[in-house]
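The values are calculated or read from the model by the stated rules, or taken from the named source; none is laboratory data. All values derive from a computational prediction rather than experimental measurement. Methodologically, a virtual Cβ is constructed for each residue, glycine included, from the backbone with ideal geometry; neighbour enumeration extends over all protein chains shown.
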Amino acid sequence: MKKIVLAVLLAIGFTLTNAQTAWKIDKSHSNVGFSVSHLIISDVTGQFKSYDGTIEFSKEDLSDAKINFSIDVASINTDNEGRDKHLKSDDFFNAEKFPKITFAGKSIKKVDGKKYKLTGDFTMRDVTKTITLDVIYNGIVKDPWGNTKAGFKVTGELNRLEYGLKWNNLMETGGAVVGKDVTITVNLELNQVK
């Protein structure tokens, strides 16, 4: 009988110590940004103001992380109302028909120190491709109010033409007005869900 009780207690302890910890995005300390070249000589930057995600992990190396993220396309903001309207149109995102950009994580692997590689399915305009992003995991801390926080910086690059964002004009020199490669930068501060 003692062996059975001990086995049950060990099983419960194992389950509790390996339970996934849920995290919620602290939107006041996070942002989802992008940049793309303009006229070859400069970059235009922007952000998506509305986004959400679920992140769970229990292992220190993040190898069991479950990550799902979504962005509201209509929340795009490049500090230019006319440009934002054009970006929401069918020339680019078609926010009315395709209101969400999503990312579903498949695996995350530690590379070195704080550096990781995150692989998952990225969907934009109903086109899904597997991409790999660079992640810097800045660790976990307690803030002055007793909340447990985790910090990440996620960066990557994708070819917008592969997702149907094909609008472009050519300059007299033959270069594209808008570059095809888009750089993504996501800064996340997470609150542990109690």
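A count restricted to region 79-107 and to residues that are outside any strand (DSSP E or B), modelled with pLDDT of 95 or more and within 30 Å of Glu56 (Cβ to Cβ) stands at 3.
Count, please, the residues in region 108-122 that happen to be buried (at least 17 other Cβ atoms within 10 Å of the Cβ) and either among the β-branched types (Val, Ile, Thr) or in a loop (DSSP other than H, G, I, E, B) (or both).
Qualifying residue count, region 108-122: 1.
Let's see how each residue does on (1) at pLDDT 85 or above; (2) part of a loop (DSSP other than H, G, I, E, B); (3) small (Gly, Ala, Ser):
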residue: Ala11; (1), (2), (3): no, no, yes
residue: Lys24; (1), (2), (3): yes, no, no
residue: Gln47; (1), (2), (3): yes, no, no
residue: Leu62; (1), (2), (3): yes, yes, no
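Taking the criterion of being farther than 25 Å from Tyr137 by Cβ, among the charged types (D, E, K, R) and touching a residue at least 40 places away in the same chain (Cβ under 8 Å), the residues of region 81-127 that qualify are Asp91, Arg125. Of Asp79, Asp64, Asp43, all but one fail to be among the acidic types (Asp, Glu) and within 21 Å of Glu162 (Cα to Cα); the exception is Asp43. Residues of region 123-162 that are in a strand (DSSP E or B), out of contact with any Asp or Glu (no Cβ under 7 Å at 6 or more places or on another chain) and among the polar types (S, T, N, Q): Thr123, Thr132, Asn138, Thr148.
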